[in-house]
Each structure stands twice: as C-alpha cells, then as structure tokens.
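The values are calculated or read from the model by the stated rules, or taken from the named source; none is laboratory data. Since the model is a prediction, treat every value here as computed from it, not as a measurement. Using ideal geometry, Cβ is built from the backbone for each residue, glycine included, and neighbour counts are taken over all protein chains shown.
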Amino acid sequence: MERQRSLNTEYAVRYSREFAQNLCKEFFESTETISGEEIATLTPCRQLNLMVIKSLFESWQEQMERFSRSPFFDFQDRKVVSALEDFMNVLSRAIKIRQEDFEPLLERSLEKVLKLAVEPMPFMEEELEGQSKKSSPDFKGLRKYLKWHATSWQPAVEVLIESPESPAWREKLHQGFDDHFSEDASPEALLEQIHAILPIDMGQLIIWEAGPEGTTTRVSQEPVEDDLDVAPLPDEASGEAFPDEGALSIDPALAWARFESEEHAYMKGSIEHIRDGMGINQRIMFTKRLFQGNPDLMDQALEELDRTDSFFDAVSLMNSSFVNTLKWDVQSDEVQELLQLVFRKFDEASD
C-alpha cells in the first residue's frame, strides 16, 4: 500500500464535534441516558458503534487499574478477584450514560474511526504500540472492536500474541498492508454510512501527497458494504463461535461458551422475545442479508425461534431450516448478532 494520503486532523476534529452534537441532540431529545445496547446499534456504521464501546471500556479499565493500586487492600486475593469479576459483570449490564458524558466519548471515537479509514496502517501501529505498553495487553480483544482492514493487521497481532517483546510485529504490520490492503475499502466507501448522517467533505478530510512522477492517487468511488470484506480471522484459541472457515453449520456449544464469556457483556441482559432486543438497524440488516429482503420470512423465523425450548434447540433449528436453505455465512457479523439475541432470550434459563 503506497502511503499517499493523510488525515486532515483539524477538519476531522471539527467534523467529529459537529457530528456528535447533532446525533446526541436528536437521540437525547426523548431520553436522559443511553445504554450499552443502544450504543451498539446507535448508527448504521457498526465500526463507529464498536469504537465507542471500545473507548468506553478502555476508560473503565483505566479507572479500575487506578483503583486496584490502592496500598490498603490485597487485590491479588482470590476472593477479591472473584468479587471484582462479579462486580464488573453486573456493572457492564447497567451502562447508563448522560448526554454531557456521552457526547465527548462519541466525538473522540469518531475521530479514531476517521483516522482508521484514512490512515489505517499508522492507526494500527499506534494502537498495537499502545497495547504493548499495557500491563495486561489484550491483542486478541482488538478483533471484537476493530473490523476494518482486519486481514491487513492480523499478522502483526499474531506475532504480538506469540512474542509480545518482539519488534518483528512492525514489519509484519507493514507487510500485511502491502499484501492484503485493497483500495476497494477506500475512505469514501468505508465512511459512506457516516456521510449519510452528516456529509463529509472528502476534499478537506484527506490530504493528498504526490504519487510517482508527480501523479495523484485517487481512491475508488465504488461503495462497499460496511465490514463485509474485513471479517476478523478466527482461530481455535480465540474462542470464536465459528472456528472453521466455510463451515455449513453453527456449533451451539462454542457459540454458547463465547456469549457466556465477558467479551460481550455490554450486550447481555435477558429478553422475552428475540425481536425485543433488535434495534432498527439490526432489523434492516437481518431482513436484507439473512432473509432475502423478505420481512415476512424474518418474522416467521423469529416466531419459530421464540417457540424453541433452549438455546441449543434454537441453534439446531437455525442449522436445519435457515443456514443452508438461505445460504447463510455462519461467520458473518449478522449471523453472530442474531445468535447473540437468541442467547439473550435463553440466558436466564441457564442460571
């Protein structure tokens, strides 16, 4: 990938501030707080929603680390560790943020998304360097939150997981973007859904540098679906629900174990009917990508899933009636999100 464009930071800051102000003004007109589930479906751009959640949890972790450095208590005690885990689990299901606190969080997160879209390799270099300096880096966790260009930066993460002290990850990062970066995932394409909310002046957002022989490289104008070409690469150690590329069925045990873990705590909380937990963006996405654009077909499927007796029965129904018939990609984000809603319906029954 030739590095011939850079982010106009001044414009990105101004745009992010205006975007956050406009969106928050509209959202908080009818409510005083926003929940974790609402953040996850706040905008049509899933990468922005996930970046907000990532920023939220990083801030939370910093606060907990400062708290655990108190000289008056033994935070290594087994009972203390267990109690803190229980506390974090309960607290993660009770996210409520007021507008004055959420607006700057959204603003900072959008600035990061703009940088990831325009300067993906420098962004990931800073991100991985920052993780490596933490006392407990979570390299695998990045796959939960950063979806764009994942195939390009994944090789560097694998190096850091195996050898956190090795400087070889930088070379792998550059090589990954050289080998896998696609101009089809251009800033204009990736930011299309954000642009639809508040128009972005690409001429101001991107600073172009002269290419070979004084030419200027232009990004492709072809739009792409958000996240479709940059799905994270699962492996056996990651605990992903769908470990086998091209799998034709969902493994219910792996899926259950995944959602039981605290990776997805911000989306937990029981629901009586699957539809109850669906945001409007999810309804649109499920109808379009899972049910062939037929809302009646989706309604019928959700009713059948609601009538099952357990999570495992529901997954069995999905495998037998939908996965192959409707040609679902069981590793896709939309299938995982639907699975998570099914899990939430039956979560209380497992207690």
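The figures follow:
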{"read-out": "Segment 149-176: number of residues that are buried (at least 22 other Cβ atoms within 10 Å of the Cβ) and either within 20 Å of ARG5 (Cα to Cα) or not assigned by TED's automatic domain parsing to the domain that holds LEU114 (or both)", "value": "5"}
{"read-out": "Test: residue in segment 254-267 that is at pLDDT 80 or above and closer than 26 Å to CYS45 by Cα", "value": "no"}
{"read-out": "Residue check for GLN175: at pLDDT 85 or above and either touching a helix residue (DSSP H, G or I) at 6+ places or on another chain (Cβ under 6 Å) or more than 19 Å from LEU48 (Cα to Cα) (or both)", "value": "yes"}
{"read-out": "Residue satisfying condition, being over 28 Å from ALA150 (Cβ atoms), crowded, with 20+ Cβ neighbours inside 10 Å, modelled with pLDDT of 90 or more and not small (Gly, Ala, Ser), within set LEU297, LEU290, LEU305", "value": "LEU305"}
{"read-out": "Residue in segment 273-283 that is surrounded by 18 or more Cβ atoms within 10 Å (Cβ to Cβ) and not in a helix (DSSP H, G or I) present", "value": "yes"}
{"read-out": "Members of segment 126-157 that are of a type in the set (Ser, Thr, Tyr) and either in contact (Cβ under 8 Å) with a residue 24 or more places away in the chain or at positive phi (or both)", "value": "SER132, SER135, TYR145, THR151, SER152"}
{"read-out": "Hey, SER166 farther than 28 Å from CYS45 by Cα, assigned to a loop (DSSP other than H, G, I, E, B), touching a helix residue (DSSP H, G or I) at 6+ places or on another chain (Cβ under 7 Å) and among the hydroxyl-bearing types (Ser, Thr, Tyr) or not", "value": "yes"}
{"read-out": "Test for GLU37: is it modelled with pLDDT of 65 or more, surrounded by 12 or more Cβ atoms within 10 Å (Cβ to Cβ) and not hydrophobic (A, V, I, L, M, F, W, C)", "value": "yes"}
{"read-out": "Any hit, segment 58-75, residues being in contact with a helix residue (DSSP H, G or I) (Cβ under 6 Å, 6 or more places away or on another chain), assigned by TED's automatic domain parsing to the domain that holds LEU190, surrounded by 13 or more Cβ atoms within 10 Å (Cβ to Cβ) and modelled with pLDDT of 70 or more", "value": "no"}
